[in-house]
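Here the structure comes first, spelled out in structure tokens, and everything after it is commentary.
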Amino acid sequence: MTASHDMLKPHNSSADKSRVRLWLRLLRATRAIEGELRERLRTTYNVTLPRFDVMAALYREPEGMLMSQLSKYLMVSNGNVTGLIDRLTSDGLVQRTLRDGDRRTSVVLLTKAGRENFEQMADSHREWVNELLSHFSPDEAETLAETLKVFASDWEGEAR
């Protein structure tokens, strides 16, 4: 039997099954929490989760972000971000400025009203997450968060 043939054989080890089970539980937990947060944002603030996410990204960058940076940060297409930014701009929550007079690139940032609006939503969001994850002690939450750092993303920057 060759090494390549061994790679084609199905793996049914206990470790394989445990990892698949872990992935499914993480996925279910994420979907359940995200669904609840979507609903609460919609009913409490009449805002979508993508809109909240855009505002959160811009809140972390008070000097603003290029549209391309924002797309990458949120892991969505430029077209999706453009529509959200257009609506946030028309609502007076975001402003768009040209970067160095270049009409092809614009920097977007929260307005004063946008920052205030986001801060109110973020406080509620934090309370809801704490409520939804209250069955974890602070130590358990910290341990699990530390364990899951292997999945660090662009928005986290360096390991925290």
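Since every read-out is calculated from the coordinates, none of them should be taken as a lab result. All of these numbers come straight from a predicted model, not from anything done at the bench. Note: ideal-geometry Cβ built from the backbone for every residue, glycine included; neighbour counts use all protein chains shown.
Here is how the numbers come out for the structure above:
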quantity	calculated
Size descriptor, Kirkwood hydrodynamic radius, that averages inverse alpha-carbon separations across region 14-160, Å	17.2
Long-range Cα-Cα pairs in region 39-95 (distance over 12 Å), rounded percent	65
Order of ILE33, ILE85 - criterion: other Cβ atoms within 10 Å of each residue's Cβ, fewest first	ILE33, ILE85
Max mean-square fluctuation residue, GNM over the chain, Cα-Cα springs under 10 Å, options ALA145, ALA113, ALA32	ALA145
Relative contact order of the chain, pairs being alpha-carbon contacts under 8 Å that are 6 or more residues apart, as %	19
Student exercise, the chain dipole from Lys, Arg, Asp, Glu Cβ charges, in Debye to nearest 20	620
Hydrodynamic radius (Kirkwood) for region 60-140, which is based on Cα pairs only, to one decimal in Å	14.5
